[in-house]
Structures are given as C-alpha cells and as structure tokens.
1. Within the set of other residues whose C-beta is less than 14 Å from the C-beta of VAL235, count the net charge using Lys and Arg as +1 and Asp and Glu as -1.
2. For a label point 7 Å from the Cα of CYS259 along Cα→C-beta, name the residues of segment 202-235 whose backbone N is under 15 Å from it.
3. Looking at the chain, what % of its DSSP beta bridges pair antiparallel, to the nearest 5?
4. Output ³J(HN,Hα) for segment 32-41: one whole-Hz value per residue in order, computed from phi by the Karplus curve 6.51 cos²θ - 1.76 cosθ + 1.60 with θ = phi - 60°, and x for Gly and Pro.
5. Can you give me the C-alpha center-to-center distance between segment 25-69 and segment 85-124, rounded to a whole angstrom?
6. Can you tell me the mean projection area, over all orientations, of the convex hull of segment 109-153's alpha carbons? Units nm², please.
7. Highest mean first, what order results for 117-127, 2-12, 141-151 on Cβ atoms within 10 Å?
8. Which distance in nm do the two modelled labels at ASP249 and GLU48 give, with both placed 7 Å along the Cα-to-Cβ direction?
Amino acid sequence: MILETVKLQEEGSLPDAHVVFYILDTPGEKLWIQKRPFVILCPGGGYERTSFREGEPIAMYFLGKGYHVAILLYSTAPAVFPAALLELGRTMALIHENGEKWKADTDQIFVQGCSAGGHLAGTLGTMWQEPFLAQKLHVKAEDLRPAGLLLCYPVISSKEGVAHEGSFRALLGDRYEAEKEKLSLEDRVGEETPPCFLWHTFADATVPVENSLLMAGALHRCHVKTELHIFQEGVHGLGAADELSRRADGSGVQRECQCWTDLAYRWMEHIRHQDEK
C-alpha cells in the first residue's frame, strides 16, 4: 500500500488542511484488476473539527473491498465556505492527475461524508457544475462530478426545526443569516446531481432524520437514483458503528447499524456496473 499525505492550500484554507491517500498496490502483471475505484471520506464534526472515528475506521472497510481511499481533513471554523468545498474539489483533481500512477478508475470516484462531512459531500454533488469551482481550481467541471454520494446521517437542511444550526454557523461565520438558505442542499438538487445512498437513524437527537428524508424526496423528484435506509436505533455520529468506532465512554457501537457499510458497498457496485447490463 502507498500512503501519501498532501497538504491542501486553497483560498481560505487553514494551515493544517490535508488529505491522506491510501493507495492499494495493483501489480497489473499478477492481478486481473487493472485499476480500482476510489472513495473520498469526509469526516463529520460540525464544521468545527474532523472526527477520527468517521475517517480511518470506515477507510479500513473500503480498502478491504478493493477501493482506494482518501480521507479529507478539510478546513473547519474559523475557515468558512467555500474553503472546505475547494479542498474536496482539489482532492478530486489530484485523483484525476494521478490516475495512471495510482491505477485509479477516475470515472468511479465516490464521495462519502458523515454529518457535516455529509453536507460537504452533498455540496459537491449539488454544486460541481458551478463555474466558480472549476475556475478557482483550474480544472474541467466534469472532473469534479462524483460517480455517487454516500451520505451518512448528513446535515442537509438549514430550515428552522430541522437544521443542525451549529454546523451552518461554523460553515458560514458572519454570513450565516445571509447565506444559510443557499446551502440548504434539498433545494439545490437537480437532474445532474449524482446517484445517492443515504442512511440515518430515527433516534438521532443531534441531526434530525428529516434531513435525510428531505434530501431523498428532492432526489426522487429529480429522478436521481437514490437508496435510503433508516434504522430505528442509534445515536448521532456512529461512524462504522463497530468496535473501531467505539468512544472512550463505551458508546458508538450499534449492532443494528453495522450493516450500512455492506449495503453501501453493494449499492456502489451496482452504480459502477449498471452500464454493463
């Protein structure tokens, strides 16, 4: 495995923003695999930090399924929008630039995010075609479009009674009141939004399940391929929901939710191979 860390310094980035690439060895003369799909992980943390529990424990699963993985440690408060979005876009661009060296299938780059990281992933999915992104990153807009989105108990809506207000305040700073509606993702979904896999729990008392329901409804209305799973039990911030994600106080393990990774993997494989059918 190749482990490569790249510093990210886009407009508005904090000094410690970086991405860690986990590149599986792919010796073409020995394996039938010629190139591998990629998944970029965006940990949550309310746009105030990035959670380890929602990074490497999830990365281990997808590496075991033959995916290259990138963990994006994006800029959080006091950095404000669009710093983290530009960093995610740069990560997409880096995969395209290194596709041949890393034996990466650049047509199969998925973006996953938990909580506020889900909002970041969803923002790229709904804004990849915005001219300012390609212009600031000096890339083609089509290179910023993910093959699919995996949104785990995501922050989606800025609407009163549904929003995780703290995430939007951290993301927008002094521009919160003026711009919060522009980043309510259920209102940004369109026919060009990539296919989407979502999961949430009814018991989530931090980011209400309505966030995923609103997103799924918007995707359905725009005829975007979507899969939604809602589990009865489970607090917010479960990550992989297994022992690797256990918190110091013993919480963070939810057996009922552990299947989400298998469900997501099967969905990703379906998206990858749908054109072959």
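1. Details: positive: ARG53, ARG246, ARG247, ARG255; negative: GLU54, ASP204, GLU233, ASP249, GLU256.
Taking every other residue near VAL235 into account, the sum is -1.
2. Only 228-234 fall inside the zone, counting backbone N under 15 Å.
3. 30
4. Those phi angles translate into 6, 6, 9, 7, 10, x, 10, 10, 9, 9 Hz.
5. About 11 Å separates the Cα centre of segment 25-69 from the one of segment 85-124.
6. On the way: hull surface 11.5 nm².
Dividing the Cα hull surface by four gives the mean projection, 2.9 nm².
7. On the way: 117-127: 26.9, 2-12: 13.5, 141-151: 21.7.
Highest-to-lowest ranking by the protection proxy: 117-127, 141-151, 2-12.
8. 1.4
The values are calculated or read from the model by the stated rules, or taken from the named source; none is laboratory data. Here the structure is a predicted model, which means the values were calculated and not measured. Please note: Cβ atoms are built from the backbone with ideal geometry, for glycine as well, and neighbour counts cover all protein chains shown. We work out accessible area using only protein heavy atoms, side chains counted, and drop any ligands, DNA or RNA first. Shrake-Rupley method; radii C 1.70, N 1.55, O 1.52, S 1.80 Å.
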